[in-house]
Amino acid sequence: MEKSIIEKTNKIIKGRSIYLIGMMASGKSKTGPVLAELLRYKYIDLDKLIENIAKKTINEMFREDGEKAFRELETNCLKETIKIPSLIVSTGGGIISKPENWGVLRQGIIIWIDTKQEIALERLKKDIENRPLLQGEDLSDLYNQIFQSRKNLYSQADLRVEVNNEDVEEVAKQIVYGIYKKIIN
């Protein structure tokens, strides 16, 4: 990627934070650090931050405290991110389901990483025990139900990046280029 596009994008966005949204296993947590390095931004994985604060895994939170308590902590952590400029934030897949979170997300640039369902499902099969919303009979059906319930919310992002089999470096470059194109048009 041309260094000048990265520099121009940085000048245009002026330290606005970038929030990565999308379904679980879309690649937000893998893409975020690479994107942060490209733009010379700081990086936070919101789920990891939540686990550090709660001193338990997300699975444990869902099991012991319930989804509602998890979502409250998620919202509180998200609100803290707006205090830090030049930040890439990988969010959890359900962050968009709480209307009040949109007030925070809208203060930055929202990028929907839209990974093909087949690819996401392959990734999830390797990590199913860490996905509290996917505990049930049919992974594909559960995933599809969740996606259908969130699709309209994801589509409210500032930019949608469709991912097939690209590596994280390519996805990060697509995001920078997408922001650049959107802003100069």
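The values are calculated or read from the model by the stated rules, or taken from the named source; none is laboratory data. Note that the structure is a prediction, hence the values are computed from the model and not measured. Glycine also receives a Cβ, built like all others from the backbone with ideal geometry; neighbour counts cover every protein chain displayed. Side chains are part of the model used for accessible areas, which takes the heavy atoms of the whole protein and leaves out ligands, DNA and RNA. Shrake-Rupley method; radii C 1.70, N 1.55, O 1.52, S 1.80 Å.
Summary of values
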| read-out | value |
| --- | --- |
| Hey, residue 174 surrounded by 13 or more Cβ atoms within 10 Å (Cβ to Cβ) and either of a type in the set (Lys, Arg) or modelled with pLDDT of 95 or more (or both) or not | yes |
| Residues located in region 19-45, provided they are part of a helix (DSSP H, G or I) and touching a Leu at 6+ places or on another chain (Cβ under 7 Å) | 28, 31, 32 |
| Flag for residue 146 being more than 16 Å from the chain's Cα centre (by Cα), part of a helix (DSSP H, G or I) and not charged (D, E, K, R) | no |
| Among residues of region 46-61, those that are of a type outside the set (D, E, K, R), in a helix (DSSP H, G or I) and open to solvent by 40 Å² or more (accessible area, probe 1.4 Å), counted | 3 |
| Residues (under 28 Å from residue 11 (Cβ atoms), open to solvent by 10 Å² or more (accessible area, probe 1.4 Å) and assigned to a helix (DSSP H, G or I)) located in region 62-87 | 79, 80 |
| From 90, 17, 29, residue being closer than 20 Å to residue 158 by Cα, open to solvent by 30 Å² or more (accessible area, probe 1.4 Å) and of a type in the set (Gly, Ala, Ser) | 29 |
